[in-house]
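J.: Please read through the structure below; I'll follow up with questions.
The values are calculated or read from the model by the stated rules, or taken from the named source; none is laboratory data. Just so it is clear, the model here is predicted, and its values are computed rather than measured. So basically every Cβ, Gly included, is an ideal-geometry build from the backbone, and we count neighbours across all protein chains shown.
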Amino acid sequence: MPFAGEQIDPRPVLIADLLLDGPDRSEIDPDHWHMWQKEEKGFVGLRPLEQTEAVQLIAGFPEDGHIDLDGDATPEALSSLVSARTGLDLTVREVHWASAYRARMAMAERFRSGRVLLAGDAAHVHSPAGGQGLNTSIQDAYNLGWKLEAVLRRGAPEALLDSYDSERTRVAADVLGLSSRTHKADLRGDGGGRWRRGKETHQLALGYREGPLTREARRDLADDALRAGDRAPDAPCADASGAPVRLFDVFRGPHFTLLDLTDGEPAAAPELPEWVRRFRPLDVDGHVKAAYGSGLFLVRPDGYVGLATDKASDVAGYLSLVSA
């Protein structure tokens, strides 16, 4: 499959996980990235890794530089680099892992060809700016995972797998653009640099409103209303017994959830298969209604609203898209 892209930064970067000793080790506190960005030979950053003694180092080199991991990633070489660029009295005791790269963006032309399906770095590569690569890859995997399960275990039409390609290629292209813009802004030094994170980089507003598995059957919605294809939001509520619960706890797992927010008596939905769980919350404080409005909402295993409707009869038709 064609995998087109471009190099967006010619400067080589070294990244390594290492152990640091020295009188100034306490200066590298665990709650922050520590950045030295004005060093003539290239920036350097240090960040303690959670639940371990290790510290991650990232260091830039001049455009015409070359990183030789055998020589440049030894404890001695990295001790010299860290001391020179930070001014701190630090020694690298051990290097757990090291790699080098030049920032590039690229994406496969499609994510499916017959029985071959691409996800993660096989489907798209990002600049690390904004931390988007891993987030996008995990969402690829969950999107693909529930669809594979539906085809292999529930007899869903194989065409369901085509929706993985159509949904995720659009998202990946948008996120690649965001990563690249953030990286280039950092190069320009105009305040939109790679170490800043905004709402776009949280990926919570991504959705599939135009996707092949999206059915919005309600009418006269407000402009800011939740719609089919959107990420299903969380809300505190209670279950039928009155026990407190959050919607994310209800959704968690490989099942579909039919969220019943119809007014009055519960909607007479059809008999549901075991892989669909119906939930009608007790919404005393109105948090669920504020987030969703009224109706029936079929939430996919990956946390997106597949169907939003006022008619229970629409549910069976939608389920036929994802099962035999």
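J.: How about region 18-35: which of its residues are more than 31 Å from the chain's Cα centre (by Cα) and loosely packed, with under 10 Cβ neighbours inside 10 Å?
T.: Ser26
J.: Ok, one more. Sort out which residues of region 36-53 are surrounded by 16 or more Cβ atoms within 10 Å (Cβ to Cβ) and either within 30 Å of Asp64 (Cβ to Cβ) or at pLDDT below 90 (or both), and write them in order of number.
T.: Once the filter is applied, which keeps residues that are surrounded by 16 or more Cβ atoms within 10 Å (Cβ to Cβ) and either within 30 Å of Asp64 (Cβ to Cβ) or at pLDDT below 90 (or both), region 36-53 yields Trp36, Gly42, Phe43, Val44, Gly45, Leu46, Arg47.
J.: Output the residue which, of all residues in region 66-124 that are acidic (Asp, Glu) and over 30 Å from Pro157 (Cβ atoms), is surrounded by the fewest Cβ atoms within 10 Å (Cβ to Cβ).
T.: By that ranking, first place goes to Asp70.
J.: Report the residue count in region 157-169 for those that are surrounded by fewer than 19 Cβ atoms within 10 Å (Cβ to Cβ) and in contact with a helix residue (DSSP H, G or I) (Cβ under 7 Å, 6 or more places away or on another chain).
T.: Count: 1.
J.: Which of the helices (runs of 4 or more DSSP H) contained wholly in region 216-324 include at least 3 residues that are modelled with pLDDT under 95?
T.: In region 216-324, 313-319 are the helices (runs of 4 or more DSSP H) which contain 3 or more residues that are modelled with pLDDT under 95.
J.: Within region 194-211, is even one residue assigned to a strand (DSSP E or B), touching a Phe, Trp or Tyr at 6+ places or on another chain (Cβ under 9 Å) and of a type outside the set (S, T, N, Q)?
T.: No - not one qualifying residue is present in region 194-211.
J.: Would you mind telling me which numbered condition in (1) among the hydrophobic types (A, V, I, L, M, F, W, C); (2) closer than 26 Å to Leu148 by Cβ; (3) exposed (fewer than 13 other Cβ atoms within 10 Å of the Cβ) Phe279 fails?
T.: Going through (1) among the hydrophobic types (A, V, I, L, M, F, W, C); (2) closer than 26 Å to Leu148 by Cβ; (3) exposed (fewer than 13 other Cβ atoms within 10 Å of the Cβ) one by one, Phe279 breaks only (3).
J.: Ok, one more. For Arg154, which of the numbered conditions (1) surrounded by 21 or more Cβ atoms within 10 Å (Cβ to Cβ); (2) over 15 Å from Ala108 (Cβ atoms) fails to hold?
T.: Arg154 satisfies all of (1) surrounded by 21 or more Cβ atoms within 10 Å (Cβ to Cβ); (2) over 15 Å from Ala108 (Cβ atoms) except (1).
J.: Right, here's the next one. Given the structure, is Leu57 of a type outside the set (Gly, Ala, Ser), at pLDDT 95 or above and in the same structural domain as Arg168 (by TED's automatic domain parsing)?
T.: Spelling it out, it is not the case that Leu57 is of a type outside the set (Gly, Ala, Ser), at pLDDT 95 or above and in the same structural domain as Arg168 (by TED's automatic domain parsing).
J.: What number of residues within region 170-188 are buried (at least 19 other Cβ atoms within 10 Å of the Cβ) and under 19 Å from Val305 (Cα atoms)?
T.: Residues flagged as buried (at least 19 other Cβ atoms within 10 Å of the Cβ) and under 19 Å from Val305 (Cα atoms) within region 170-188 amount to 1.
J.: Turning to a different aspect of this structure: Here is a list: Gly87, Gly60, Gly65, Gly114. Which entry is within 29 Å of Thr182 (Cα to Cα), among the small types (Gly, Ala, Ser) and under 29 Å from the mean Cα position of the chain (by Cα)?
T.: That would be Gly60, the only listed residue that is within 29 Å of Thr182 (Cα to Cα), among the small types (Gly, Ala, Ser) and under 29 Å from the mean Cα position of the chain (by Cα).
J.: Do we have Pro48 as closer than 30 Å to His202 by Cα and either polar (S, T, N, Q) or out of contact with any Lys or Arg (no Cβ under 8 Å at 6 or more places or on another chain) (or both) here?
T.: Spelling it out, Pro48 is indeed closer than 30 Å to His202 by Cα and either polar (S, T, N, Q) or out of contact with any Lys or Arg (no Cβ under 8 Å at 6 or more places or on another chain) (or both).
J.: Exactly one of these conditions fails for Ala129: (1) over 20 Å from Arg102 (Cα atoms); (2) assigned to a loop (DSSP other than H, G, I, E, B); (3) of a type outside the set (S, T, N, Q). Give me its number.
T.: (1)
J.: What are the residue pairs meeting all of these: first residue in region 305-324, first residue in contact (Cβ under 8 Å) with a residue 12 or more places away in the chain, second residue acidic (Asp, Glu), Cβ atoms under 6 Å, and 6 or more apart or on different chains?
T.: Final answer for the pair search is Val305/Asp230; Ala308/Glu216.
J.: Sticking with this structure for a sec: Could you list all residues from region 142-163 that are free of Cβ contacts under 8 Å to residues at least 12 places away in the same chain and within 14 Å of Gly211 (Cα to Cα)?
T.: Of everything in region 142-163, just one residue is free of Cβ contacts under 8 Å to residues at least 12 places away in the same chain and within 14 Å of Gly211 (Cα to Cα), namely Ala159.
J.: Among the candidates Leu206, Leu247, single out the residue that is out of contact with any Cys (no Cβ under 6 Å at 6 or more places or on another chain), under 22 Å from Tyr164 (Cα atoms) and in contact (Cβ under 8 Å) with a residue 12 or more places away in the chain.
T.: Leu206
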